[in-house]
Amino acid sequence: MRRFSGEELVIASHNAGKLREIGALMAPFGVSAISAASLDLPEPEETEDTFIGNARIKAHFAARQSGLPALSDDSGIMVDALGGEPGVFTADWAETPNGRDFRMAMTKVWTMLQDQNAPEPRSARFCATLCLAWPDGHDEIFEGAVAGRLVWPMRGALGFGFDPIFMPDGETVTFGEMDAARKQAISHRAIAFEKLVAGCFA
């Protein structure tokens, strides 16, 4: 496994919530995290149907364009009663002509569960795949997941995406109600990041 030895790392995302979380996770390692948006890098088209495939597209694109190592995250929520949907298409379910509307997407998911009388608990899991790619084409992949259930109505405004309706197993609040420090300790992204640190930074 290749070690990370640079001082700058491009975060291959335009998602402000992801940038905040990843930036905070990188801070202890003295690495300067640079957003793809600050480098005016466009968002590449995500044409794969797996988290790994799309994470690789984003990381390799940013690494090639910037000439620096790049870290991408592809993540989403998989709802068991919906056959794992929306999964890799989580962000797509929130797309509107005026940008992403996750309140609409969460309502869509819950309505689908109601329409099919899905039994409680309505189990789901958040999945995250991190890809660390270098300009020479090498990459390392790390995955994390956290199980839980969906609740309604939406609760909390501290997270992003589907956080307000996802309650992790063993918790009494949703990701949307959870403070950042607690979420970063148990989230799917944090689990993947621990593996990244052990493999490339420790």
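The values are calculated or read from the model by the stated rules, or taken from the named source; none is laboratory data. None of the values given here were measured: they were computed from a predicted structure. Neighbour counts run over all protein chains shown; Cβ positions are idealised from the backbone, glycine included. Remember, those area values only see protein heavy atoms, side chains included, never the ligands or the DNA or RNA. Shrake-Rupley method; radii C 1.70, N 1.55, O 1.52, S 1.80 Å.
Once Rg and Dmax of the Cα atoms in Å is worked out from the coordinates, which option in (i) 16.8, 52; (ii) 17.2, 57; (iii) 17.3, 62 does it equal?
(i)
On a straight-distance basis, which lysines could pair with Lys18 in a cross-link, Cα separation under 17 angstrom, same-chain partners fewer than 8 positions away excluded?
Lys58, Lys183
Rolling a 1.4 angstrom probe over the protein heavy atoms, how many square angstrom per residue are accessible across the chain?
With the other protein chains kept in place, the chain gives 47 Å² per residue.
For n ≥ 4 DSSP H runs only, could you compute -39500 (n - 2.57) per run for the chain, divide by its residues and tell me the 222 nm figure to the nearest 500?
-8500 deg cm²/dmol
May I ask you to derive the FRET efficiency for Arg2 and Glu120 from their Cβ-Cβ distance with R0 = 41 Å, giving the value to the nearest 0.05?
My answer for the efficiency is 0.35.
Keeping all protein chains in place and using 1.4 angstrom, which order do Arg2, Arg189 fall into by accessible surface area, from largest down?
From most exposed to least exposed: Arg2, Arg189.
Expressed as a rounded percentage, what relative contact order does the chain have, with Cα pairs under 8 Å and six or more residues apart?
20 percent
If you average the C-alpha positions of the range 18-42 and of the range 137-198 separately, how far apart do those two centres end up, in angstrom?
First find each Cα centre; the distance between them is then 18 Å.
Using a 1.4 Å probe and counting only protein heavy atoms, arrange Met104, Met178 so the residue with the most accessible area comes first.
I get Met104, Met178, largest accessible area first.
With θ set to phi - 60° and the Karplus curve 6.51 cos²θ - 1.76 cosθ + 1.60, what are the ³J(HN,Hα) couplings of the range 144-158 in order, to the nearest whole Hz, using x for Gly and Pro?
x, 8, 9, 8, x, 9, 8, 10, 8, x, 4, 9, x, 10, 8
In Å and whole numbers, how far do the C-alpha atoms of the range 128-202 stretch along each principal axis, longest first?
Largest first, the range 128-202 extends 47, 20, 18 Å along its Cα principal axes.
Run the dipole for the range 92-202 about the Cα centre, Lys and Arg Cβ at +1, Asp and Glu Cβ at -1, nothing else charged, and hand back the magnitude in debye, nearest 20.
For the range 92-202, the charge dipole is close to 340 debye.
Please give the per residue volume of the convex hull enclosing the alpha carbon atoms of the range 1-47, rounded to a whole number of Å³.
104 Å³
From the Cα gyration tensor of the range 70-119, with a ≥ b ≥ c the square roots of its eigenvalues, which class applies: rounded if a/c is under 1.5, or else prolate if a/b is larger than b/c, or else oblate?
Judged from the Cα gyration tensor, the range 70-119 comes out oblate (a/c at least 1.5, b/c at or above a/b).
On full extension of the chain, what length is gained from Lys195 through Met112, given 0.36 nm per residue of separation minus the C-alpha to C-alpha distance?
26.4 nm
Would you kindly derive the ³J(HN,Hα) couplings of the range 30-41 from the backbone phi angles with the Karplus curve 6.51 cos²θ - 1.76 cosθ + 1.60 (θ = phi - 60°), listing them in order in whole Hz, with x for Gly and Pro?
For the range 30-41, the Karplus-derived couplings read x, 9, 7, 8, 10, 7, 4, 5, 5, 9, 6, 7 Hz, x marking Gly and Pro.
What size of dipole, in debye to the nearest 20, comes out for the chain about its Cα centre when the only charges are +1 on Lys and Arg C-beta atoms and -1 on Asp and Glu C-beta atoms?
I would put it at about 400 debye.
Given the Cα-Cα distance of Asp101 and Ile52 and 0.36 nm per residue of separation, how much length would full extension add, in nm?
My answer for the length gained is 15.2 nm.
Dipole of the range 76-151 (Lys/Arg Cβ +1, Asp/Glu Cβ -1, origin at the Cα centre): which of Met104, Trp134, Gly84 lies farthest to the positive side?
Selected residue: Met104.
Of the heavy-atom accessible surface of the chain (probe 1.4 angstrom), what whole percent is carbon and sulfur?
The C+S portion of the solvent-accessible surface of the chain is 50 percent.
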